[in-house]
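Have a look at the structure below, then the notes.
Rule-based calculations on the coordinates, nothing more; no lab input. Remember, it's a predicted structure, so these values are computed and weren't measured experimentally. Cβ: placed from backbone, ideal geometry, glycine included. Neighbour counts: every protein chain shown.
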Amino acid sequence: MLALLVAFALARTPVPPAQPVPTWSAWPASGTVTSPFGDDGGRWHPGLDIGILRSLTVRAAQPGRVIAVGLQTGFEGYGNVVEVALGDGYVALYAHLAAWRVRTGDEIVAGQNLGTAGCTGSCTGTHLHFELRHDGEPVNPLRFFRRPQKSGVRSSASFCFRSGGISSTAACRTNILSLSSKT
């Protein structure tokens, strides 16, 4: 009888819906991933560094609402940042910006110009540091990037990220070893 009551109670308990996750509509910078997410040569790296930039324009990877701009407490070393709430606990963070073109509270669309890549905070050269956080914890942004089907590119191959897509061209190479084990 007790088992029947427990089964009845469980059957009536609502199941929370699956959390929607971001799927990138645009890549945030026109350059090369110079430092991957995760273990990067013995140091923890909570995002992607995109350097060797062909343009200094930083674009929104996903639509959302700007929740912070400029120097932020808790992100010392990141320099000027733009944080965008994507919904359901996800926040995209764009760091080391020389300048930003949005204000807190702005609703933005994918591909919108957020600012200019720079070298503010702790950095060794102009680049974009791009993070995705879920409920405050860093997660690998590449887990949510839809790779083109039948691209012929293996996950351990060289990648070049550019606004709007991914390619494996010989002109733009960064070796991201064991990418599939870090996603």
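Here are the numbers:
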quantity: At 0.890 mPa s and 25 °C, Stokes D of the stretch 87-126 from Kirkwood alpha-carbon radius, µm² per second; calculated: 210 µm²/s
quantity: Peptides ranked, highest mean first, by Cβ atoms within 10 Å: ranges 110-123, 51-64; calculated: 51-64, 110-123
